[in-house]
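What follows is a single structure, written as structure tokens, with notes after it.
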Amino acid sequence: MRIRIDGGVVVGWSGTSHELIPDGSLLVEGNSIKAVGTDKSQAADKVIDASGKIVCPGFINLHVHSQLNIGDYLLADVTKKDYLAANWFVFGAPLKEKIEAPPAPAVAIGRKYALYSALKNGSTTVLDPGGGPGALDDYVAIVGQLGGRVYFSPPYRSHDIFTDAQGHHYYEERPDRGRPGLKSAVEFIKKHQGAHNGRVQGILNPAQAETCEPSLLKETVAVAKELDVPIHIHAGGNLREFLQVLDTHGKPVVEYLAETGILGPRTTLGHMVFMGGHSRVDYPAGEMRLLAETGVTVGHCPHKCAKMAFAMESFDRYLEAGVKIGLGTDTYPMDIVSEMRYASLISRMVDKNASGARPAAVFNAATIGGADALGRKDLGRLCAGAKADIVIINLRHTRYGPVRDPINALVEYGSGADIETVIVDGEIVIDNGRSTHIDEAELFAQAEVGAKRAWDNWAGRDWNSRSVEQIIPPAFPTRKLP
Ligand SMILES: [Zn+2]
């Protein structure tokens, strides 16, 4: 199948950077890009009119947990006593004896909803550091059904995080989860690597810096090399982790990770905000240099940080220090377009510099930055030979007004809701804002049922048996219906 996209501004690739091609044309043949330029005469089976639109490389989202937004709504927990257990560890520090695995159908819906949400909002490739457990063959089937690209394998860690009956937060060694978890990840990768025409790729996911002991991380590095896959680990995402690593290993988190050998050009650190020198960490600076020297990528999720009232310091300072940055959404909305704006605006505020964190820099992070972290020269750019992963965005909205520079306009005003067409591997998976593969209304209804079930049962996992309403009262008093 040959698809030609005519008109609009095509964001092409010069070989070293993105370049804007006004009134451009792009030809897709099979699953890759055949030509990018202005020639609209080449034969095609389907022609898409992109006038008034921007034709972008598919975005690379380095942080999509394949689960529902159940935990995100608990982020706003204002109970000070729960500061450690609830606010920071939104991924869950339940009571040990109250842990209950979610039912398989709920896991499947969470996965499908998150991956679809990211895809529809422009992320043609996502790094999934873990969502619901189990049913791994089903996971691969879901990726096949939706049509996006995913880097995934089940996460593992040598220590779990729990809350006790008094609300104290603690780590517990779990020999059954560390090595066996890594083994499961390897099995997953060996079985599914390359599935769905290469749309499923393996990545090793040691879960968090403070939950993985050094030998597990060293083994991860060796296995990743053997399997030739990248690595993701959460690090520098909260102050608690920084203090825990300092206390346990006697060094700040970046140094700790560097000594295990895990920092390298094919590793992504999810978040990496809290380190020596950050205004919220009373510890001397110096770790930024290690990030730059090792070539690791920081998977920056500015919106999630902003929700929790902290910020990377700063996007520009990292870049100036030579640190590689990609972008991730982490939390809902899985909207990589808005995430670019958060990255830009928050960096400007941190540096008190209105001309900082330019749109080009955050656009690079959301495209070639992410592709580089995954070792992909055929993603995140539109040039002959690259994979045909393309996003077409309508800029003729009253919200934008007349557009002079489409990249600036997209970063300053854009939203994933403006995305009309998403093409992955040469196939149109979102057409005029609708999935060509699934019934979105049905998925939405299923997600609502799943979320309600989890909220209704929240007291069962809370250390103090509180309901969601008790933890976060509704914004306004809610009238009881008869
Ligand atoms: Zn995460």
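Collect the residues in the range 262-316 that are more than 16 Å from the ligand (Cβ to nearest atom), open to solvent by less than 30 Å² (accessible area, probe 1.4 Å) and in a loop (DSSP other than H, G, I, E, B), keeping them in residue-number order. Correct list: 262, 263, 264, 275, 276, 278, 281, 295, 296, 311, 314. In this structure, does residue 5 turn out to be part of a strand (DSSP E or B), open to solvent by less than 30 Å² (accessible area, probe 1.4 Å) and under 30 Å from residue 154 (Cα atoms)? No, not satisfied.
Can residue 110 be described as within 16 Å of the ligand (Cβ to nearest atom), modelled with pLDDT under 95 and in contact with a Gly (Cβ under 6 Å, 6 or more places away or on another chain)? Against the criterion (within 16 Å of the ligand (Cβ to nearest atom), modelled with pLDDT under 95 and in contact with a Gly (Cβ under 6 Å, 6 or more places away or on another chain)), residue 110 qualifies.
Would you check if residue 319 is hydrophobic (A, V, I, L, M, F, W, C), more than 16 Å from the ligand (Cβ to nearest atom) and open to solvent by 50 Å² or more (accessible area, probe 1.4 Å)? Yes, satisfied.
For the range 467-482, a residue qualifies if it is part of a loop (DSSP other than H, G, I, E, B) and out of contact with any helix residue (DSSP H, G or I) (no Cβ under 6 Å at 6 or more places or on another chain), and the qualifying residues are 472, 473, 474, 475, 476, 477, 478, 479, 480, 481, 482. Among the residues making up the range 326-361, those that are β-branched (Val, Ile, Thr) and either more than 16 Å from the ligand (Cβ to nearest atom) or open to solvent by 10 Å² or more (accessible area, probe 1.4 Å) (or both) are 337, 346, 350. Of all the residues in the range 240-255, those that are away from the ligand (no atom under 16 Å from the Cβ) and open to solvent by 10 Å² or more (accessible area, probe 1.4 Å) number 9.
Among the residues making up the range 434-482, those that are in contact (Cβ under 8 Å) with a residue 40 or more places away in the chain and among the small types (Gly, Ala, Ser) are 435, 447, 450, 451, 454, 460.
Yes/no matrix, rows are residues, columns are (1) surrounded by fewer than 22 Cβ atoms within 10 Å (Cβ to Cβ); (2) in a strand (DSSP E or B):
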residue: 10; (1), (2): no, yes
residue: 15; (1), (2): yes, no
residue: 20; (1), (2): yes, yes
residue: 26; (1), (2): no, yes
residue: 36; (1), (2): no, yes
residue: 40; (1), (2): yes, no
residue: 43; (1), (2): yes, no
residue: 51; (1), (2): yes, no
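When the residues of the range 193-211 are narrowed to those that are within 18 Å of residue 244 (Cβ to Cβ), touching a helix residue (DSSP H, G or I) at 6+ places or on another chain (Cβ under 8 Å) and not in a strand (DSSP E or B), which ends up most open to solvent (accessible area, probe 1.4 Å)? Per the stated criteria, the residue is 210. Screening the range 114-188 for strands (runs of 3 or more DSSP E) wholly inside it with 2 or more residues that are over 12 Å from the mean Cα position of the chain (by Cα) and surrounded by fewer than 24 Cβ atoms within 10 Å (Cβ to Cβ) returns the ranges 159-163, 169-173.
The values are calculated or read from the model by the stated rules, or taken from the named source; none is laboratory data. Model, not experiment: these values are computed from the prediction. Note: ideal-geometry Cβ built from the backbone for every residue, glycine included; neighbour counts use all protein chains shown. The area values use the complete protein model at the heavy-atom level, side chains included, leaving out ligands, DNA and RNA. Shrake-Rupley method; radii C 1.70, N 1.55, O 1.52, S 1.80 Å.
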